[in-house]
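First the structure, in the form of C-alpha cells, and then the observations on it.
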C-alpha cells in the first residue's frame, strides 16, 4: 500500500483526535526528518529535540494541513522552520577541552568553533529508500559525510536550509520558496551564495573516491592497534602526508605527520601516561571508534568521545576527534570498559 493511500485512511482519524493514527501517519517520515534536522543543526541532541517539537506542532496544527502539498512536504516545512529558529536561538559556549595546565602544541591553523556531532550509521540504515527530487545534486552518502556537514555548518542558517532542501532533497525553487515563506528570487540568491561558499569551506575531512571496503577495514584495524599500543609512529604512518587532525568544537587543527605526531605524544597520550581502548563503529558513512581512556594506571577505561576516520586510497586523510561523551549512547556504546581486553 502506498504512503498516499495510508495517509488517506489515517488522516481523518488523526484529525478527529486519534493519537495512534497520528503516530502511524508520521512514522514513515520520522527518521528522514531527524537526519534533515541534523544536517541543518549539526547536533544529534538538537536534532532530536527539534524533531519532537516538529511532531508536536504537526499534531496541534493538523487541521491546517490542506493537502495542497504532500504530508511529507508539510512536515519538512515545519521541521525546517523549527531548525532555523533553533539555530538563531542557540547560545553555545566553547567546551573545556583540555584540563588546566595542559597546553596543546601550536596548531597548524585556528578556526571558528564547529558545533558538530557524528551521526551513527545504524540510524542511517533505518532511512526509508526515498528517491530525492529532480533538483538534487548530492548522492545520499555524500550528503551525510563529515565533509559535507562541516561545510554546511559554516553557512548562515537560511543558506543551510536552502542548500539542503534544493541540493540534497531535490525540491524545486518554487517549492522551497513556499516551504520558507519567501520568494523564488530569494531562494535562488541564497542557493547561489551557499554553493559559492562551499569550496572555500571545504572540510579537511573531505573524502576522495569511495574506499574499497576491505582496504577501509584494514586501515581502521591497523589504526586501532597503533592507538591502543600507544605507537604514534605506526599511527602517523597510516596517514597521507597532508592529513588533518581536527577536534570539533576545538578551534585548533593539525596537518601533516610532524604536527599530528607532536599533538598525540604531548596531549593524546600525555607523554606515556594515557592509554586507549577503541570500540569499532561507523559514523557518517565512515569507519569510526568509540574512544576510551585510562590515565595513570586507572583500572577502568572511561568513555572519551568518538574518532571518525576519512579514507583516501590506501591511507587516512583525516582523523576527526569528537570529545563529547553525550553521543556514545546513540552508537550503543557503554560508558566505561574494564582494563582487560
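Rule-based calculations on the coordinates, nothing more; no lab input. This structure is a prediction, so every number in the text was calculated from the model and none was measured. Heads up, the Cβs are rebuilt from the backbone with ideal geometry, glycines too, and the neighbour counts pull from every protein chain shown.
Could you compute the FRET efficiency for residue 265 and residue 154, with r as their C-beta to C-beta distance and R0 at 35 Å, rounded to 0.05?
0.70
How long is the gain from residue 45 to residue 98 if the chain were fully straight, where each residue apart is worth 0.36 nm and the alpha carbon distance is subtracted?
So the chain would gain 16.8 nm between residue 45 and residue 98.
Quick one: among 287, 118, 299, which has the greatest mean-square fluctuation in a GNM of the chain with alpha-carbon springs under 10 angstrom?
299
Taking 7 Å along the Cα-to-C-beta vector as the label spot, tell me the residue 336-residue 182 distance in nanometres, rounded to one decimal.
4.9 nm
Using Cα-Cα distances under 8 Å and only pairs 6 or more residues apart, what relative contact order does the range 213-338 have, in percent?
24 percent
Run the numbers on the chain and let me know its relative contact order in percent, using alpha-carbon pairs under 8 Å that are six or more apart.
16 percent
Stokes-Einstein at 10 °C, 1.306 mPa s, Kirkwood radius from Cα pairs: D for the range 213-338 in µm² s⁻¹?
Value of D from the Cα-based Kirkwood radius: 109 µm²/s.
Would you please put 122-128, 182-188, 80-86, 327-333 in order of how densely packed they are, using the mean number of other Cβ atoms within 10 angstrom per residue and starting with the highest?
Put in order of decreasing packing, that is 80-86, 327-333, 182-188, 122-128.
Output the 0 to 90 degree angle, nearest 10, between the alpha-carbon long axis of helix 71-89 and the longest principal axis computed from the alpha carbons of the chain.
50 degrees
Rounded to the nearest 0.05, what FRET efficiency is calculated for residue 314 and residue 127 with R0 set to 35 Å and r the Cβ-Cβ distance?
0.70
For residue 195 paired with residue 217, estimate the spin-label separation in nm (one decimal), with each label point 7 Å from Cα along the Cα-to-Cβ line.
4.0 nm
For the range 1-89, what relative contact order do you get, as a whole percent, if you take Cα pairs closer than 8 Å and at least 6 residues apart?
The normalised contact order for the range 1-89 reaches 27 percent.
Pick from 150, 108, 281 the residue whose mean-square fluctuation is largest in a GNM of the chain, springs joining Cα atoms under 10 Å.
Residue with maximal mean-square fluctuation among 150, 108, 281: 108.
Mind telling me which of 267, 40, 102 comes out most flexible in a GNM of the chain, alpha-carbon contacts under 10 Å?
Looking only at 267, 40, 102, the largest GNM fluctuation is found for 102.
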